[in-house]
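The values are calculated or read from the model by the stated rules, or taken from the named source; none is laboratory data. These numbers were taken from a predicted model, which means no experiment stands behind them. Positions of Cβ are generated from backbone atoms using ideal geometry, with glycine treated the same way; all protein chains shown enter the neighbour counts.
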Amino acid sequence: MKNLLFLNLTAFSQTGGLEKFNRCFMKALGLASEETGLKCEAYSLYDTQSDERYFPISNYKGFGKKRLQFVVSSILKGSRQDVIVLGHINLAIVGVAIKKLFPGKKLALICHGIEVWQPLQGIKKKVLEQADHILAVSAFTKDKLVTIQGLRSDKVAVFHNTIDPFFEMPVAFEKNEALMQRYGVKAHDFVLFSLCRLSSNEQYKGYDQVIKALPALLGKYPNIKYIIAGKYDELEHQRVTALVKELGVEGNVILTGFIKNEEITAHYQLADTYIMPSNGEGFGIVFIEATACGVRAIAGNKDGSIDALMNGELGTLVDPMNVEEIAAAIEKNINEGWSADAGKNLQQKTMDNFGFSAYTSRLKMLLKQIVAN
C-alpha cells in the first residue's frame, strides 16, 4: 500500500467554496483508498481537527495557523509519502521543497480558479512547473493554465467540484412558508436568489449587476424580489445599500446576512431563479446546489460558471457585464414558467453529472493515473 498526504489551507474551521471542495475531496479520498491502494492522511494549516463524517480525526492534523510548524511538519511528513497533493497554490513552498529534497515523490496540485488566472512568478510558477499532475476544477481554469501559465495541456486534468454528500436534497419542490413570512415574499412574487460572500475586496459575484437590471424590469414585473444571502463586510454592505437606494429598489432587494447551513436548501427552494453573473468564479458550487434543488440558474459566461452549468445545459449563461442581457434572461424565466417535473428533471441531470458518486469515481480514476505515472 502506498501513502498519500493531502495538504490544505482549511476545510472545517471556515465556510466557503474552497472548504466545501476540500471536505468532499477528503471524503472521496477515504472511499477511494481501498480500490486505489492508498493510505491517506491530511494536514491543514488553519484547522485544528476534522469532522469524522468526512475524514478520520486520527488521520488529520490541524496546525491552527502555526505556519512554520505546518511547513516543516509537512515537508518531513512528505518525505515518507509516495504522493503529495497540494490543495491550493498558496502551499507552493511545501511542494517545491519536497520536490527539491525528495525528487522521486509524486506531486499533484489542485487549482481552483482566479489564483492562477494571471501570470505567476517565483515559487508559485515553480510549483506549476514541478508538479507531476495538476487538477483544474473547470475547463475554463485549465485553459488559463495552458494559455497564461504555459503548461502542457496533457499535464492538466479537469476535475469538477461536486455536491456535498451531506447536502440536504429536496424531494418536494415547494417554497418554505416560514421563509416567505420572514422576507415578506408573497405567493405571486418572482424570487431571484444569490448565495455568496459580499466582500469589498472581491466584488466579482455580479449581484450589483442584478440590482442594476431591476429598474428596467420592475415597470413590467413589479413583483420581483431579489434575496442576497451571505456574510458581508461593512464596506460592501454600505456600497450595496447605497446602490439599492440610488436605483430606488429598496422594496425589492433583501440582504439577509449569514444564513445557517440547515436553512440553505430551503433558501434555494424559495427562489424561482438562482442568479450570480460573476466574472471570477473558479467553478461555482452554488450553481449545482441550486439546480440540484430543481431551481433554474443564470450565470456569467466569463469564468468557471460555464462548467457548472454545463455550457448552458443546466441554465442560462450571460455576459456578466451586460445589464440588458441579464435583464433579458430574468424576463425569459419569468415568462417561461416552471413546474415540479421540470425541477425534478433538472435535479436528476445535475446529480448524474456532479453527484458525489460520480465525483468519487472520477477521483479513483485520477488517483490510479497519478500512482501509475
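Tabulated data
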| read-out | value |
| --- | --- |
| Selection within segment 78-104 - of a type in the set (Lys, Arg) and touching a strand residue (DSSP E or B) at 6+ places or on another chain (Cβ under 6 Å) | Lys99 |
| Residue in segment 105-122 that is among the basic types (Lys, Arg) and outside any strand (DSSP E or B) present | yes |
| Residue within segment 113-125 that is buried (at least 22 other Cβ atoms within 10 Å of the Cβ), within 19 Å of Arg23 (Cα to Cα) and either among the hydrophobic types (A, V, I, L, M, F, W, C) or in contact with a Ser or Thr (Cβ under 7 Å, 6 or more places away or on another chain) (or both) present | no |
| Residue under evaluation Ile84, criteria (1) surrounded by 22 or more Cβ atoms within 10 Å (Cβ to Cβ); (2) assigned to a loop (DSSP other than H, G, I, E, B), criterion not met | (2) |
| Any hit, segment 39-60, residues being closer than 21 Å to Ala157 by Cβ and acidic (Asp, Glu) | no |
| From the options Ile298, Ile330, residue that is part of a helix (DSSP H, G or I), at pLDDT 95 or above and in contact with a helix residue (DSSP H, G or I) (Cβ under 8 Å, 6 or more places away or on another chain) | Ile330 |
| Conditions (1) assigned to a helix (DSSP H, G or I); (2) more than 26 Å from the chain's Cα centre (by Cα); number of the one not met by Phe140 | (2) |
| Test: residue in segment 253-262 that is at pLDDT 95 or above and either surrounded by 20 or more Cβ atoms within 10 Å (Cβ to Cβ) or not assigned by TED's automatic domain parsing to the domain that holds Leu309 (or both) | yes |
| Inter-residue pairs, beta-carbon under 9 Å, first closer than 14 Å to Pro170 by Cβ and in segment 343-356, second acidic (Asp, Glu) and buried (at least 17 other Cβ atoms within 10 Å of the Cβ), 6+ apart | Thr350/Glu289 |
| Residue check for Phe283: outside any loop (DSSP other than H, G, I, E, B), of a type in the set (Phe, Trp, Tyr), assigned by TED's automatic domain parsing to the domain that holds Cys196 and in contact (Cβ under 8 Å) with a residue 24 or more places away in the chain | no |
| Residue in segment 220-232 that is farther than 26 Å from Lys332 by Cα, assigned by TED's automatic domain parsing to the domain that holds Asn335 and touching a Ser or Thr at 6+ places or on another chain (Cβ under 8 Å) present | yes |
| Considering residues of segment 333-356 that are assigned to a helix (DSSP H, G or I) and of a type in the set (Phe, Trp, Tyr) only, the residue nearest to Lys225 (Cα to Cα) | Phe354 |
| Matching option when the condition is surrounded by fewer than 22 Cβ atoms within 10 Å (Cβ to Cβ), in contact (Cβ under 8 Å) with a residue 40 or more places away in the chain, farther than 18 Å from Asn90 by Cα and among the aliphatic types (A, V, I, L, M), among Leu4, Leu31 | Leu31 |
| Flag if Thr316 is within 21 Å of Lys20 (Cβ to Cβ), of a type in the set (S, T, N, Q) and surrounded by fewer than 24 Cβ atoms within 10 Å (Cβ to Cβ) | no |
| Leu135 being modelled with pLDDT of 95 or more, touching a Phe, Trp or Tyr at 6+ places or on another chain (Cβ under 6 Å) and outside any loop (DSSP other than H, G, I, E, B) | yes |
| Selection count, segment 217-247, where residues are in contact with a helix residue (DSSP H, G or I) (Cβ under 9 Å, 6 or more places away or on another chain), among the hydrophobic types (A, V, I, L, M, F, W, C) and surrounded by fewer than 16 Cβ atoms within 10 Å (Cβ to Cβ) | 1 |
| Of all residues in segment 72-81 being buried (at least 18 other Cβ atoms within 10 Å of the Cβ) and of a type outside the set (D, E, K, R), the one that is nearest to the chain's Cα centre (by Cα) | Ser74 |
| Scope segment 38-65; condition assigned to a loop (DSSP other than H, G, I, E, B) and either more than 23 Å from the chain's Cα centre (by Cα) or on the phi > 0 side of the Ramachandran plot (or both); matching residues | Pro56, Phe63, Gly64, Lys65 |
